[in-house]
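Nothing in this text is a laboratory measurement; each read-out follows from the coordinates by a stated rule. Just so you know, these numbers come straight off a predicted model, no measurement behind them. Backbone-built Cβ (ideal geometry, glycine too); neighbour counts: all protein chains shown.
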Amino acid sequence: MLSEDGFEDIVGLDPSIRLLRFARSRLARRFCPIVGVAENLPFRPGSLGAVITCFSLRDVMSLDCSLEEFARATRRGGALAIVDIGKPDSGFWRTLIGFYISRVMPVLARVLIRGRTPGNPFKMIVPTWKKLLTNRRLSDLIEQSFGPCVLKSFFFGGMVVFEADRFSVWKDILQ
């Protein structure tokens, strides 16, 4: 999708060599696979025009450190886009989405992937969802670390897109 939208140099970062090899087989020369983690990005300060993370931010060991690294590696005027499951701010919707993720989704996944993969990999989402910040708190944290942030939520807040711009933030000025 990024290639089709005109992005020329796409860097893929993941701790899994296997997933990076799979992505490389699909994207060929326009894709540069790099083994690494968000908490310790192997990029020079300001070297990236944009950072996009899809369904992975909830799995980082340190959310604060990852967001700081995104800000460090992204040049001024660059962007951050995060697509992930969300944790609604409303207690009612948070309980409903939590029930879906912990009880309904694993059953649906087991039925849909039956026999194609051992176990049920969707069960791993439950503990990562539990440790998530609420959507508003995550948006505030992104804004503090990266810059102005817009939160777009779908499915009653169970799916979120954060878009942030890398402009000077107060902590940069104070450093």
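Below is a table of values for the structure above.
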read-out: Long-range amide H partners of V11 with built H, under 5 Å; value: C32
read-out: Options P42, F167, G91, ranked by Cα towards positive dipole end of the chain, top entry (Cβ charges); value: G91
read-out: Relative contact order %, the chain, counting alpha carbon pairs below 8 Å whose residues are six or more apart; value: 21 percent
read-out: Count, lysine Cα pairs under 20 Å in the chain, 8 or more residues apart or across chains; value: 5
read-out: Euclidean distance between Cα centres, the stretch 1-64 to the stretch 134-156, Å; value: 21 Å
read-out: Sorted largest first, extent of the stretch 1-111 alpha carbons per principal axis (Å); value: 42, 32, 26
read-out: Computed [θ] at 222 nm, deg cm²/dmol, the chain (DSSP H ≥ 4; -39,500 (n - 2.57); rounded to nearest 500); value: -10000 deg cm²/dmol
read-out: GNM top mover of I17, I97, I142 - the chain, alpha-carbon springs below 10 Å; value: I17
